[in-house]
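Below is one structure, written out as structure tokens; comments come after it.
Every read-out reported here was derived from the displayed coordinates using simple, explicitly stated rules and does not represent laboratory data. Since this is a predicted model, take the numbers as computed values, not measurements. Cβ placement follows ideal geometry from the backbone for every residue including glycine, while neighbour counts extend to all protein chains displayed.
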Protein chains: 2
Amino acid sequence: MEKLDGYSGALKRLLEENNVRAGDVVKVVTGEREYVGTIIPRYEYASQDFLTLKLLNGYNIGISLDKILSITLIEKHSPPSFKSTPPEFKSKNLPKAVIVSTGGTIASRVDYRTGGVRPALSAFDLLSVVPELAEIAKVDAEVLFSMYSENMTQSNWTILAKKLHDYVSKGYEGVVVTHGTDTMGYTAAALSFALKNTPVPIVLVGSQRSSDRPSSDASSNLISAMRTSIEAPFSGVYVLMHGWVSDERMEVHLGTKVRKMHTSRRDAFKSINIKPAAIYENGRIHVILDNLPKRKVPSSFEIFPNFDDRVALIKFYPNMDPEIFLYLLDRGYRGIVLEGFGLGHVSSRAISVLKKIIRDGVFVFMTSQCIFGRVRLTVYDTGRDLLEVGVIPLEDMLSETAFVKLSWCLGNFEEDRVLDIMKANIAYEFSSRTFLEEGERFGD
Amino acid sequence: MEKLDGYSGALKRLLEENNVRAGDVVKVVTGEREYVGTIIPRYEYASQDFLTLKLLNGYNIGISLDKILSITLIEKHSPPSFKSTPPEFKSKNLPKAVIVSTGGTIASRVDYRTGGVRPALSAFDLLSVVPELAEIAKVDAEVLFSMYSENMTQSNWTILAKKLHDYVSKGYEGVVVTHGTDTMGYTAAALSFALKNTPVPIVLVGSQRSSDRPSSDASSNLISAMRTSIEAPFSGVYVLMHGWVSDERMEVHLGTKVRKMHTSRRDAFKSINIKPAAIYENGRIHVILDNLPKRKVPSSFEIFPNFDDRVALIKFYPNMDPEIFLYLLDRGYRGIVLEGFGLGHVSSRAISVLKKIIRDGVFVFMTSQCIFGRVRLTVYDTGRDLLEVGVIPLEDMLSETAFVKLSWCLGNFEEDRVLDIMKANIAYEFSSRTFLEEGERFGD
């Protein structure tokens, strides 16, 4: 039986009779009340005989077929239209910049077929959605990937690092990477390690609302990211996102010190154990951190683009069976980053197993599931025991950054150099002191 | 060869000649400068021929034997002395209260033998360290465990729940549990589920500095916890810790919504996705959350004290090999709580494996590694796919609380009831709406 947007039978006929389908805005009258909203296709697992409507407040409701008295078309669905770049800017003497698109919400639109959001906009589309970019730079665009960021792997990091190395080496002065927010922190850390002595700031940017929604943060994020990449006096790899729920204040985070701390808010990204590198506000960049590397001409710009995927990130939980470490050893894992409790603790029964896998050549590092603060293994007996069997504490490094760094170390260097490189401060992953003074808040 | 506090050879002889040993405060003069600090025993893995000194600023340094010109005793080590409870309070007409001690920093002192901190104070000692408690209540004390909290298991939760049920049933009006901070959040969640219709507030409390240190938060935390347990108008299970770095303001957190968010600060514990239940400040309790259960006489107080340990908490990371789920299935795990990316996503390649283990009877639930915000699986394709294979999203529940709740569900109820109970709001683990309004900060 043929379906209409997932609807069949009597409900399909009702839609056809009223000449409406998914994506259209309609008024539905029932015996109890009226609803105005967009028709959403029926999901495979949704109940039969329910019409799904996305209301103006963003919520979806299901309306039972037998309660529907009438359906009236209010507005036919039409795809969003984009302005094209004004031609008068194309000839101006502007810096050369590039947007490398990897996918994610910033490069997506609401899909009225499924009612969800999917990567659909290309980097070219982004340029036409945000014509202001043409006033800032001569912007090239490349769609490198079109994927949800939860599917990014080590090999995507390698391809992306090489691509960015190419653009920067060719003299591009502004380099912006659009990325899904889910794993943008991990990718930012990967690029921070893979690209050495980057002469310009490479800015990763995403959005929390798709760019064809009125509430989207895509446009303001993208413009701010481009201006930061072109104008900032520092270099390196950064994430730029809203620093607050409004449009006025963007935060520029070090790629190794940033974490998605909220599932949905615009200001979801936070610098951890350090202040943001800079604030972008009202068209101006305010540098906050001292000692950032300066913007410079490309000279010693190098690339170490490889990552080993035989690395695990393991969060400890009460009474966790340490046999999992033997499983990882058997499966050929070369390194493990632990998220311990508090200062970096695990249960005593895990220690002998960790001793065994470390003797067998697995690198084991300790971070904290507290997220904020510094791992210290010298305060309690458990910590001393961990040090003794060869677990290496990673100070105030984020566990996610530690996972990426270990994958990068094992991908590019001989094993006898791994410990030294893991302990060295390569890309600001360690803060030399706790930036969180007693009098300061943390977590925002 | 006999050692002195881990020191041997020439260094041992030097210490003996000067009649000093570990725990003593000394002045050490070298050719370059003078140091004043406490002698720390030599750790097994420390370099030979270095004297370890804990300086007054708290840092440890190693001084090479060949640089030492002289060692002078400044103060002999003596164990801390405690005041005893004033007898005049013992006969007063005060409410009956109990401190149940499980170990942790609050019940510990600096061990000058190892230079570290170890559980050493009993609940009785705590009473003598904090004589003010005797003015609040007739306080009994029981040392139930003396362990680091990273070693707490499901069976410890069961024993503790039964013990607390006993005390409350006997009419104790104040019930305080001292606990190591590392897993205090997990234990608080466990007690929140295990104890139903608790008539009084059971308050878990820890400290971030051992109680024999001048900077300790043990005393202020303990007094505030006891007063809250005796005086608060609400009931249930709570964690009380500093809400700020100073002593003036304590926060009382719901046992299911609290997380250790900093490795070392006094205000390490934060309520997540909800405000603190109450503030304790200047001797007064300010209730913040509406709808908390009221303090009442014990009537329908019940206990569901069992926990199944065949439950895993798995944090997703980029390119994670989903074979780990098959390993957990093979090992007899009955439930898994995932910490997905963002709104609750994992890589596409994991979905078919999750489908298989769910078909084979493993319960799989989704939370977010963002910590703040709400899981939503209906926005993106990945989420819809997860819903379709049977992964259950847990809204704004903390992953740690979800792990504990699943362990508790499987420990007390038949499998056909597990899904319903996991989705029901048993002990405030779900917030009915996002408490974080757009205009509010999160993370502090």
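Observations on the structure shown:
- The average projected area of the range B:311-423, computed from the convex hull of its Cα atoms over all directions, is 6.2 nm².
- Averaged over residues, the count of other Cβ atoms within 10 Å places the peptides B:294-300, B:367-373, B:12-18, B:240-246 in the sequence B:367-373, B:240-246, B:12-18, B:294-300, highest first.
- By average C-beta atoms within 10 angstrom, highest first, the peptides B:419-429, A:199-209, B:61-71: A:199-209, B:419-429, B:61-71
- The range A:373-400 and the range B:153-227 have Cα centres separated by 27 Å.
- The mean count of C-beta atoms from other chains within 10 Å of the C-beta of residues in A:252-263, rounded to a whole number, is 4.
- Remark on residue A:364: its backbone amide H falls under 5 Å from those of A:336, A:392, a criterion applied only to residues 5 or more positions apart or on other chains, H modelled at 1.01 Å from N.
- Remark: the range A:373-425 projects, on average over all directions, an area of 4.0 nm² (convex hull of Cα atoms).
- Fewest-first sequence of A:155, A:149 by Cβ atoms within 10 Å of each Cβ: A:155, A:149
- Around residue B:34: net Lys/Arg minus Asp/Glu count, Cβ-Cβ under 15 Å: +2
- Projecting 7 Å from Cα along the Cα-to-Cβ direction, the label point of residue A:248 sits 2.8 nm from its equivalents in the other copies, listed shortest first.
- FRET efficiency, 1/(1 + (r/R0)^6) with R0 22 Å, evaluated for residue A:93 and residue A:300 via beta carbons: 0.15
- Average beta carbon contacts from partner chains per residue of A:335-344, 10 Å cutoff: 4
- Peptide A:318-330 has a mean shielding of 5, counted as Cβ atoms of other protein chains within 10 Å of each residue's Cβ.
- Inter-copy label distances for residue B:425: 4.6 nm (label point placed 7 Å from Cα along Cα→Cβ; shortest first).
- Label geometry 7 Å along the beta-carbon vector: residue B:96 inter-copy distances in nm: 8.4
- Pairs with C-alpha atoms separated by more than 27 Å, drawn from the list A:260/B:275; A:54/B:257; A:405/B:356; B:96/B:196; B:270/B:315, are A:54/B:257; A:405/B:356.
- Going from the residue with the fewest nearby Cβ atoms within 10 Å to the one with the most, A:320, B:366 rank A:320, B:366.
- Karplus-derived HN-Hα couplings along the range A:423-430 (A = 6.51, B = -1.76, C = 1.60, θ = phi - 60°), whole Hz, x at Gly and Pro: 7, 7, 8, 7, 9, 6, 6, 9
- For residue B:98, the amide hydrogen comes within under 5 Å of the amide hydrogens of B:140, B:174, B:175, B:176, counting only partners 5 or more places away or on other chains and with H modelled in the peptide plane.
- Peptide packing: for B:303-309, B:395-401, A:401-407, the average count of neighbouring Cβ atoms within 10 Å per residue gives the ranking A:401-407, B:395-401, B:303-309, highest mean first.
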